[in-house]
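What follows is calculated from the coordinates using simple rules that are stated; it is not laboratory data. Remember, it's a predicted structure, so these values are computed and weren't measured experimentally. Glycine also receives a Cβ, built like all others from the backbone with ideal geometry; neighbour counts cover every protein chain displayed.
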Amino acid sequence: MTRHKYKVTRHKLQARDKLSEKKVIKKKVIFIVGPTAGGKSTTAVILAKKINAEIISCDSMQVYKHMDIATAKITKEEMQGVKHHLIDIIDPSQEYNVALFREKVTRFIKEIHKKKLIPLLVGGSGLYMQILLDGIFDDNKSSFKIRKKLDAKADEKGLGVLYNRLVELDPEAAKAIHSNDRRRIIRALEVFYSLNEPITEAKKKRHGIWNEYNVLLYGLSIERKLLYQRINERVDRMFQDGLIREAESLCENYSLSKSASGALGYKELFNYFKGEYDLIEAKRLIKRNTRRYAKKQMTWFNKENRIEWIDVLGSDTPLEIAGKIYKNAENKL
RNA sequence: GCCGCGAUAGCUCAGUUGGUAGAGCGCGGGACUGAAAAUCCCGGCGUCGGCGGUUCAAUUCCGUCUCGCGGCA
């Protein structure tokens, strides 16, 4: 009888929705985010098959070809026929960034919807998630040149000079940026010079997909200790799978772009190749840096209060995790 | 059994000519709009092995005990 009651309320609600907002016809977009080594990829494939979804990678490094092992890229077999977007799309020598990501993703979402399928965003890049949800302002094409100049100026005259300049031009931004944060100081100045307005103003002009679609945002939450254990084990496995060989060939065949050279796993090995430390140390550093990365990811996701958290236990299989998400999403699908 | 050496932050150790201590690593927290797996910020009271003695004051000196390492028997 409780069931009957529930049914009635639901009908009423649906009727009301139809009358008022267009909410009902908003198309769905599902996210699975969470720290590295948390089991997102396999879980996503299972879920995708269950709900007829195509997967879009929300990851800043898996876009690179030939960087497979250290980025823990999903293999063709593991994809099980589920379409994956934004994996293996550019060479390691090419640059990639959030704006590019956003542009491509918004296009893919529309295409997938056209096919009557659900876009399933999967990844751990917090900024990418946030920009997609809330949008980005349009940049000016000249800004790249300006950045180069500012970069040179910082080397020449010191970062303090640039920071002081920012304090004059955009005090609000200067207040929020630490005087040692070179990246952000240069970016803020670059925006000011190219757009003729403070970055803080520019940031207000944006539109993301959060309001455009019915977004279901899930985060995989795992106990820290267990996560670290998984990371350490996974790095060991990477070495067994030929990480060193992959890094060697990457080193020989490509000059990595700035964005690609940030990838964990390769930079530590490159330094080992140069003789800066031994292999044991390289491995230790990869594990440590990956642990730190996971922690930073958690910092990002923890402050995102739109995330619905799915608790992952050590004994949970990807099938079970996908089940938990499905159960939660069922009513909303 | 004897002779050395050591015992200080989770780990490796530094240090205090006696006024209750600090680096590295590990770890924790945070910021974040075009390199984001990047960049940057913040975080260390710990019975200085136990007990006793000297002293105004001991983690620092002395004695003793316990444990660890090395050497000699």
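What is the calculated FRET efficiency for A:Thr317 to A:Asn52, with r their C-beta to C-beta distance and R₀ = 22 Å, to the nearest 0.05?
Details: r = 22 Å, r/R0 = 0.99.
With a Förster radius of 22 Å, E is 0.50.
Placing +1 at every Lys and Arg Cβ and -1 at every Asp and Glu Cβ, with all other atoms neutral, what dipole size does the stretch A:215-333 have around its Cα centre, in debye to the nearest 20?
480 debye
Of A:Gly160, A:His85, A:Ile51, which is farthest on the positive side of the dipole of chain A, counting Cα position, with +1 on Lys and Arg Cβ, -1 on Asp and Glu Cβ, and the Cα centre as origin?
Working it through, the farthest residue towards the positive pole turns out to be A:Ile51.
Using the alpha-carbon centroid of each, what span in Å lies between the stretch A:45-83 and the stretch A:182-198?
Rounded to whole Å, the Cα centres lie 35 Å apart.
Could you compute the net charge surrounding A:Ala173? Neighbours are other residues with a C-beta less than 12 Å from the C-beta of A:Ala173; K and R count +1, D and E count -1.
Charge balance near A:Ala173 sits at -2.
Which trypsin sites (Lys or Arg not before Pro) does the stretch A:246-284 hold that lie in a coil by DSSP with at most 14 other beta carbons within 10 Å?
Numbers: sites: A:Lys258, A:Lys267, A:Lys274, A:Lys283, A:Arg284; in loops: A:Lys258, A:Lys274.
Filter output for the stretch A:246-284: A:Lys258, A:Lys274.
Using the Cβ atoms and a cut-off under 13 Å, what net charge is assigned to the surroundings of A:Lys274, where Lys and Arg are +1 and Asp and Glu are -1?
Residues close to A:Lys274 contribute a combined charge of -4.
Once the piece of chain linking A:Leu117 and A:Lys153 is laid out straight, how much longer is it, given 0.36 nm per residue of separation minus the C-alpha distance between them?
This chain segment gains 8.0 nm when fully extended.
Using θ = phi - 60° and the Karplus curve 6.51 cos²θ - 1.76 cosθ + 1.60, what whole-Hz ³J(HN,Hα) does each residue of the stretch A:158-164 get, with Gly and Pro shown as x?
x, 5, x, 4, 5, 5, 4
Once you've got the Cα coordinates, tell me which of A:Lys76/A:Lys114; A:Lys153/A:Lys296; A:Lys296/A:Lys324 are over 27 Å apart. Display every interim value, and only then the final one.
Numbers: A:Lys76/A:Lys114 25 Å; A:Lys153/A:Lys296 30 Å; A:Lys296/A:Lys324 25 Å.
Over 27 Å Cα-Cα: A:Lys153/A:Lys296.
Only Cα pairs within less than 10 Å get springs; with that Gaussian network setup on chain A, which residue of A:Met79, A:Met67, A:Met129 has the largest fluctuation?
Sorting by GNM fluctuation, first place goes to A:Met79.
With +1 on the Cβ of every Lys and Arg and -1 on the Cβ of every Asp and Glu, and nothing else charged, how large is the dipole of the stretch A:55-98 about its Cα centre, in debye rounded to the nearest 20?
So the dipole magnitude of the stretch A:55-98 works out to roughly 100 debye.
Determine which residues of the stretch A:247-269 fall in the zone a paramagnetic label at A:Ser93 would reach in this model, i.e. backbone nitrogen under 13 Å from the point 7 Å along Cα→Cβ.
Label zone hits: A:251-258.
Report, largest value first, the span of the C-alpha coordinates of chain A along each principal axis, in whole Å.
On the principal axes, chain A reaches 76, 52, 35 Å in Cα extent.
What does the extension gain come out to for A:Asp236 and A:Lys141, with contour length at 0.36 nm per residue minus their alpha carbon separation?
Here the answer is 29.9 nm.
Suppose we keep just the alpha-carbon trace of the stretch A:98-254; what are its Rg and Dmax in angstrom?
Here Rg and the maximum Cα pair distance are 20.6, 56 Å.
In the structure shown, do any of A:Lys26/A:Lys110; A:Lys40/A:Lys327; A:Lys28/A:Lys205; A:Lys141/A:Lys205; A:Lys49/A:Lys73; A:Lys49/A:Lys83 have a Cα-Cα gap over 22 Å, and if so which? Each step should come with its number before you reach the end.
Details: A:Lys26/A:Lys110 12 Å; A:Lys40/A:Lys327 17 Å; A:Lys28/A:Lys205 24 Å; A:Lys141/A:Lys205 17 Å; A:Lys49/A:Lys73 19 Å; A:Lys49/A:Lys83 10 Å.
From the list (A:Lys26/A:Lys110; A:Lys40/A:Lys327; A:Lys28/A:Lys205; A:Lys141/A:Lys205; A:Lys49/A:Lys73; A:Lys49/A:Lys83), the Cα-Cα distance tops 22 Å for A:Lys28/A:Lys205.
For chain A, what is the charge dipole size about the Cα centre, in debye to the nearest 20, if Lys and Arg each add +1 at the Cβ and Asp and Glu each add -1 at the Cβ?
Rounded to the nearest 20 debye, it is 1660 debye.
For a quick check: with amide H placed at 1.01 Å from N, whose amide H comes under 5 Å from A:Asn214's, ignoring anything fewer than 5 positions away on the same chain?
Result for A:Asn214 returns A:Lys27, A:Lys28, A:Val29.
So what is the relative contact order of chain A, in percent, for Cα pairs below 8 Å that sit 6 or more residues apart?
It rounds to 27 percent for chain A.
Which of these, A:Phe31, A:Phe273, A:Phe108, has the largest mean-square fluctuation under a Gaussian network model of chain A (Cα springs below 10 Å)?
A:Phe273
Would you grab the residues whose amide H sits under 5 Å from the one on A:Leu121? Only those 5+ places off in sequence or on another chain, please, with H modelled 1.01 Å from N.
Correct list: A:Ile30, A:Phe31, A:Ile32, A:Ile56.
Divide, for the stretch A:195-333, the radius of gyration over alpha carbons by 2.2 N^0.38 Å, where N is the residue count.
Cα-based Rg divided by the globular estimate yields 1.39.
Run the helix sum for chain A: -39,500 (n - 2.57) per DSSP H stretch of 4+ residues, divided by residue count, reported at 222 nm to the nearest 500 deg cm²/dmol. Working shown, then result.
On the way: 15 runs with 183 residues, N = 333.
After summing the helix terms and dividing by residue count, I get -17000 deg cm²/dmol.
Counting Lys +1, Arg +1, Asp -1, Glu -1, what net charge surrounds A:Cys251 among other residues with beta carbon under 13 Å of its beta carbon?
-1
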